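Following this message is one structure expressed as structure tokens.
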Amino acid sequence: MLGGMGEMKNLESDRNAKGVLGKKTSAMLALGAVALIAGAPFVTPALAGQLNSDSLVDPEWESAVRKHVEKRFFNLIDATDSQKTQLDDVLKQACDSNRSTREKVKEAAVDLSNMMADESVTDEQIRQKVAEIRKIREKLQDSRLDTALKVRAILNKDQRKIVSDRVVGFITGNQRQRFLRSMM
């Protein structure tokens, strides 16, 4: 029985020790979480690597995406070598000439986001910024239409139908329609 009482005291002292250790561990975890949250704004940019602060549009990424899209487009329409060269020239020129406009849209969107967070900015100022963004986007849309018309002039009748079917399927969300329409 005495042995039983001694074991009880040992269990009780172990439980108390674990409770203190648990409290210390909890305190350290809480301190670590606070340090992580407080330090995140400083650590994240360091982990992100080299940033190009001169531009919101990365020309290398843009070129890689353009080439990827071109390859898929060329395969879709079964473009000839001559068409590939012509289309690549048109799309590259459009991409290069629209870069500054796309950058203006992004800069204005960042400004708008900051304005939304700023309590001193009025609703009217926000509306003016949105109107400014609309004008820039409209200019971009006009340029895209010009590019689409240049591309259309390069394609033959069958290729234009393939593109039309793809666009209709995309707009309607009915991907089967484009296949059914191309079979007619």
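When we measure straight from the Cα of K129, which aspartates and glutamates land under 16 angstrom away, once same-chain ones fewer than 8 places off are left out?
Leaving aside aspartates and glutamates fewer than 8 places away in the same chain, those within reach of K129 are E103, E107, D111, D118, E119, E138.
Same structure again: If you take the beta carbon distance between E107 and I171 as r and set R0 to 35 Å, what does 1/(1 + (r/R0)^6) give as a FRET efficiency, to the nearest 0.05?
The value I calculate is 0.70.
Have a look at L87, S100, Q159 and report the one farthest towards the positive end of the charge dipole of region 59-164, computed about the Cα centre with Cβ charges (Lys/Arg +1, Asp/Glu -1).
Checking the options against the dipole of region 59-164, the answer is Q159.
Next question, about the same structure. Between S100 and I126, take the C-beta separation as r, use R0 = 41 Å, and let me know the FRET efficiency to the nearest 0.05.
Plugging the Cβ-Cβ distance into 1/(1 + (r/R0)^6) gives 0.95.
Return the subset of K84/K157; K71/K135; K106/K135; K84/K139; K92/K157; K71/K157 for which the Cα-Cα distance in this structure is over 25 Å, preserving the input order.
Violating the 25 Å limit, Cα to Cα: K71/K135; K84/K139.
Could you give the distance between the Cα centres of region 61-75 and region 99-139, to the whole Å?
Centre-to-centre (Cα) distance: 29 Å.
Just so you know, all these numbers are worked out from the coordinates, no wet-lab data involved. Owing to the predicted nature of the structure, the values given are computational and were not obtained by experimental measurement. Virtual Cβ from ideal backbone geometry, glycine too; neighbours counted across all protein chains shown.
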